Amino acid sequence: METASFPYKIHQCSKCPGDTAYYCESCPCDLCPQCKENHVKDLKTIDHDVVSQHNKINYIPTQEVCVRHPSHVYTKYYEPCQVLACNNCQTHRKYKKIDVQTAYKTKRQQHRGTIHTIRSEALFYRPVLLPGIKTDFKTCRTEFSRFQSEMLTKAQTLKNFINFVTYDLLHNVFCDFDFKHRCLKQTIEMGRHIVSLQEYELRYVQPEFTFSALQFLSFTKTALPQIHITLHTSQLSMTESFNKEDVMESLSAIQITERGNRRVGNQCLLKLTSGAEFHQSLTLTDVDHCYHISCVTSDRVWVSDGNNLILTDTTGVPLEPQPVKDLCSDDIFTGNGLHTVNSENELIYINRNYDINKLSMDMKTTTTFIERTDSTWVPLCVYWSPSSGDLLVMMLRRLPWGCKVTRYNQSGQLAQTIQHDNTELGLYRVPHHITENNNGDVVVSDFEFGAVVVTERGGRHRFSYTGPPSGPVLLPCGICTDALSHILVCDGTTKTVQMLDKDGQFLSHLLSEPQEMGPPWSLSYDVNTHRLWVGSWWDKKVCVYRYITRQDALTDQHSSP
């Protein structure tokens with residue numbers, strides 16, 4: 001009897017001979033477990049959507065046995081109480097229910113960002129964090145033993161102080177006090193005083209008693225001073241050898257400093273590539289220029305041309321028809337950084353009334369974050385800092401002319417003002433864009449001053465960059481900083497993007513008249529994918545470049561079997 005044969009196909013990884021277990025919907029390609037791990041950690045593909053093969057074919061296991069009815073499986077999910085149920089479960093029938101497969105897909109979509117962060121960031125940082133954790137684990141027992149010894153010594157000293165005071169009170173203070181006898185004696189004396197006073201009153205008011213005024217005054221002068229009340233009080237105090245300062249010193253001598261969450265420096269994780277690598281470009285439809293851009297996610301960005309502000313994806317088509325209709329459009333603001341995005345992906349922008357508004361992520365609610373209260377000052381540009389959580393606002397005053405940086409906290413309260421240098425002269429003339437570096441420096445591109453002006457977190461002027469050595473006059477416009485604390489600035493003179501270190505030293509021309517677009521004017525750095533978004537002045541193009549990658553040692557470690 002012949003055995004029937006059925007053809008079947010085993011999916012193979014698109015990058016190696018291994019068996020596939022995952023699928024990248026962005027590429028698309030099949031991936032084995034090891035290639036999947038490298039795929040989600042590579043900055044080229046860090047934002048790709050990688051799913052398991054089960055998700056690709058919409059296979060969701062449903063044969064989970066109900067713990068209340070073992071002969072049935074879970075088929076329903078009650079949303080309000082977040083409970084799985086089978087067809088025989090009656091407890092939650094009054095609540096809204098959905099099928100298990102729909103609930104699974106919804107939950108996975110809700111936690112997509114968390115899953116992505118774990119895959120691409122947390123697991124990647126693990127090899128860097130683990131050595132430090134292991135070292136601390138070895139040394140913490142020794143450190144805590146020393147603290148324990150000191151604490152025991154201080155505790156014994158404090159106990160001796162308390163015992164000494166207790167003994168001193170019982171044997172040197174309270175030993176001479178006979179409270180019962182003193183109280184009884186004082187009661188008797190008070191009774192006698194009251195009787196004497198009653199006698200005075202009787203002599204003074206009885207009409208049948210003949211007593212001249214002179215005799216009465218003479219009597220009170222000689223007899224009344226003898227009547228007095230003595231209050232017996234005792235003051236208890238600590239001896240000089242034991243006082244409050246001794247106790248405070250004993251209790252506060254040992255201090256344990258809170259270190260906070262363990263972090264890894266970007267210098268240990270990232271490095272510069274040999275040059276900027278073109279990643280992708282998009283041509284916009286509803287703006288005439290790309291004067292300013294604010295990156296939201298790896299595939300969404302806000303772009304403005306001085307009159308219009310749109311949210312677009314990588315196709316260049318606006319996602320919403322005119323979500324912002326009140327953008328400030330005065331001539332002096334053309335080309336300025338009129339908007340920014342906060343950690344909640346909410347848009348913050350300057351409106352035509354010079355208020356600073358906040359647009360919710362769903363673009364349905366607009367609120368006034370900072371209302372203009374001083375008619376002499378108007379906001380020029382804004383930047384929300386992911387490192388400090390503050391909003392930096394560049395302000396302008398026309399008469400007399402002046403500019404200043406104002407810092408607002410997350411509640412919209414004014415926290416700082418930066419206006420003058422170390423000699424009390426004005427730092428700024430006509431600034432266009434503002435940003436903040438990882439070290440807290442406030443970085444401003446001043447177009448008329450022809451410089452990138454940098455002040456430290458406290459407001460002290462650090463330096464002003466006016467261009468590379470022996471180079472032409474700098475005309476700075478768009479500006480940003482990256483994860484390695486570099487300062488990137490668009491130069492209108494050379495039509496380049498220049499890279500400086502955090503101390504203002506010129507490093508390189510990151511982009512020199514790029515072929516993919518016109519002269520670069522605006523910049524935005526994506527802190528999640530470490531990509532640079534560059535907007536063109538006149539050809540409606542936004543291009544994305546990569547110039548930062550992960551350290552070879554970490555990449556090799558993940559690539560090894």
All positions within the range 487-513 that are out of contact with any Pro (no Cβ under 7 Å at 6 or more places or on another chain) and touching a residue at least 60 places away in the same chain (Cβ under 8 Å): Lys502, Leu510
Give the number of residues within the range 495-517 that are more than 25 Å from Leu380 (Cα to Cα) and either in a loop (DSSP other than H, G, I, E, B) or open to solvent by less than 30 Å² (accessible area, probe 1.4 Å) (or both). 10
The condition from (1) exposed (fewer than 12 other Cβ atoms within 10 Å of the Cβ); (2) in a loop (DSSP other than H, G, I, E, B); (3) of a type outside the set (S, T, N, Q); (4) at pLDDT below 90 that Glu245 misses is numbered (2)
Would you mind listing the strands (runs of 3 or more DSSP E) fully within the range 430-480 where at least 1 residues are among the hydrophobic types (A, V, I, L, M, F, W, C) and free of Cβ contacts under 8 Å to residues at least 60 places away in the same chain? 442-446, 451-455, 461-465
Checking the structure you have, find out if any residue of the range 276-298 is charged (D, E, K, R), part of a strand (DSSP E or B) and without any contact (Cβ under 8 Å) to a residue 60 or more places away in the chain. no
Whichever residue in the range 1-30 is over 21 Å from Thr529 (Cα atoms) and among the hydrophobic types (A, V, I, L, M, F, W, C) and, among such residues, is modelled with the lowest pLDDT: Met1
From Gly306, Gly316, Gly337, which residue is within 23 Å of the chain's Cα centre (by Cα), surrounded by 13 or more Cβ atoms within 10 Å (Cβ to Cβ) and in a loop (DSSP other than H, G, I, E, B)? Gly337
The range 405-429 - residue that is in contact with a Leu (Cβ under 8 Å, 6 or more places away or on another chain) and in a strand (DSSP E or B) and, of those, modelled with the lowest pLDDT: His420
Which one is nearest to Glu513 (Cα to Cα) among residues in the range 279-294 that are out of contact with any His (no Cβ under 8 Å at 6 or more places or on another chain) and either open to solvent by less than 10 Å² (accessible area, probe 1.4 Å) or at pLDDT 95 or above (or both)? Cys290
Here the residues within the range 370-393 that are within 13 Å of Val341 (Cβ to Cβ) and outside any loop (DSSP other than H, G, I, E, B) are Val382, Tyr383, Trp384, Leu391
Given (1) closer than 22 Å to His486 by Cα; (2) in contact (Cβ under 8 Å) with a residue 60 or more places away in the chain; (3) not in a loop (DSSP other than H, G, I, E, B), number of the condition Leu396 does not satisfy: (1)
Suppose we keep only residues that are of a type in the set (S, T, N, Q) and under 17 Å from Asn437 (Cα atoms) within the range 523-544. Which one would you say is modelled with the highest pLDDT? Ser524
Is there any pair linking a residue in the range 406-423 that is among the polar types (S, T, N, Q) to one that is part of a loop (DSSP other than H, G, I, E, B) and loosely packed, with under 15 Cβ neighbours inside 10 Å, with Cβ under 8 Å and at least six apart or on different chains, and which? Asn409/Gly389; Gln410/Gly389; Asn422/Arg460
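The values are calculated or read from the model by the stated rules, or taken from the named source; none is laboratory data. Since the structure is predicted, the reported quantities are computational estimates derived from the model, not experimental observations. Using ideal geometry, Cβ is built from the backbone for each residue, glycine included, and neighbour counts are taken over all protein chains shown. What goes into the accessible areas is simple: the full protein's heavy atoms, side chains included, and nothing from ligands, DNA or RNA. Shrake-Rupley method; radii C 1.70, N 1.55, O 1.52, S 1.80 Å.
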